[in-house]
Amino acid sequence: YAAVTEFDACAGIEVTASHNPIEYNGMKIVGRGSQPLSEQEFGRIKALAEESNFSQSQKQGAVVNKKEGARVAYVEKVLGFVDCSKLKSLKIVVNSGNGAAGPTVDAINKKLKEKGVKTNFVFVHNDPDPTFPNGIPNPLLEENRSSTANAVIAEKADFGVAFDGDFDRCFFFDHYGDFIPGEYVVGLHAEVFLNKEKGAKSPQRST
């Protein structure tokens, strides 16, 4: 998603089964500006696939590997949301679930150190492995939370973060190892980013 906007691409496709079992596969597709496709656009793709009547293109394209550039840009964007000089050296469990998150988490850790931030990450299932030897990384399922929760408790960490397989969702655990429902995380992020936006209003707090 980030690379589509970064490189002003016409569209982007991620080959992924997301949090489904390993025998599944599929594609996530976005248009220019990382915008989701409309029902009409998906309808056209569906019709083309069902007809299976593809013509050979007369134009020859070029394949350019943008992987490293995309990761560098993504890390800079993520770290641009915070003032790194004010980051505290919290002990954080990061569970990548043997999915796609690991290499980028490593890149973020490396860049933080380059900026002088003293990191204290505890990595769990950090290496990508398509066989998912430690189970399908879907922290929404209660039975898949124990590896993160137990690591938070064992390491006496400040909190934990667990990613899903294709690295487009993350889930948080408090210092007791308890799972934090996503709506609370969204609310915290909304308050932070609305306060950063010029002229924006903070969300109303309930009493």
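Magnitude of the charge dipole for the stretch 1-149, about its Cα centre and with charges confined to Cβ atoms of Lys, Arg (+1) and Asp, Glu (-1), is about 780 debye. Averaged per residue, the chain has 70 square angstrom of accessible surface, using a 1.4 angstrom probe with ligands and nucleic acids left out. The modelled label-to-label distance between Leu79 and Glu143, using points 7 Å beyond Cα along the C-beta direction, is 4.0 nm. Ordering of 18-29, 69-80 by packing is 69-80, 18-29, highest average first (other Cβ atoms within 10 Å, averaged per residue). Full extension of the chain between Leu194 and Ala70 yields a length gain of 42.0 nm, computed as 0.36 nm times the residue separation minus the alpha carbon distance. Sparse packing (at most 14 other Cβ atoms within 10 Å of the Cβ) combined with a DSSP loop state is found for the following trypsin sites (Lys or Arg not before Pro) in the stretch 86-178: Lys88, Lys115, Lys118, Lys156. Taking the charge dipole of the chain about its Cα centre, with +1 at Lys and Arg Cβ atoms and -1 at Asp and Glu Cβ atoms, the residue from Gln40, Asn109, Thr148 reaching farthest to the positive side is Asn109. With 22 Å as the limit on Cα-Cα distance, the pairs of Lys118/Lys196; Lys88/Lys196; Lys91/Lys115; Lys28/Lys111; Lys77/Lys196 that go past it are Lys118/Lys196; Lys28/Lys111. Per residue, the average separation of C-alpha pairs within less than 8 Å and at least 6 apart gives the stretch 67-207 a relative contact order of 22 percent.
In the chain, the inverse of the mean reciprocal separation of distinct Cα atoms equals 19.7 Å; this is its Kirkwood hydrodynamic radius.
Spacing of the modelled spin labels on Ile180 and Asn134, each 7 Å from Cα toward Cβ, amounts to 2.0 nm.
Where a ≥ b ≥ c are the square roots of the eigenvalues of the C-alpha gyration tensor, would you call the stretch 139-188 rounded, which needs a/c under 1.5, or, failing that, prolate if a/b is larger than b/c, or oblate? It comes out oblate by the Cα gyration axes. For a quick check, take a GNM of the chain with Cα springs below 10 Å and name the residue from Gly160, Gly33, Gly97 with the largest mean-square fluctuation. Among Gly160, Gly33, Gly97, the largest mean-square fluctuation in the Gaussian network model of the chain belongs to Gly33. Largest to smallest in accessible area, the residues Cys10, Cys84 fall in the order Cys10, Cys84 (1.4 Å probe, all protein chains included). For the residues Phe167, Phe54, Phe121, a GNM of the chain with alpha-carbon springs under 10 Å puts the largest fluctuation on Phe54. Overall form of the stretch 41-105: prolate. Here a/c, set by the Cα gyration tensor axes a ≥ b ≥ c, is 1.5 or more, and a/b is the larger of a/b and b/c. Taken along its principal axes, the alpha carbon cloud of the stretch 116-207 reaches lengths of 48, 29, 29 Å, longest axis first. In loop segments of the stretch 33-69 as defined by DSSP, the trypsin sites (Lys or Arg not before Pro) with at most 13 further C-beta atoms inside 10 Å of their C-beta are Lys59, Lys66.
The values are calculated or read from the model by the stated rules, or taken from the named source; none is laboratory data. Everything quoted here is computed from the prediction, not taken from an experiment. FYI the Cβ positions are ideal-geometry reconstructions off the backbone, even for glycines, and counts take in every protein chain you see. Keep in mind that these areas ignore ligands, DNA and RNA; they rest on the heavy atoms of the full protein, side chains included. Shrake-Rupley method; radii C 1.70, N 1.55, O 1.52, S 1.80 Å.
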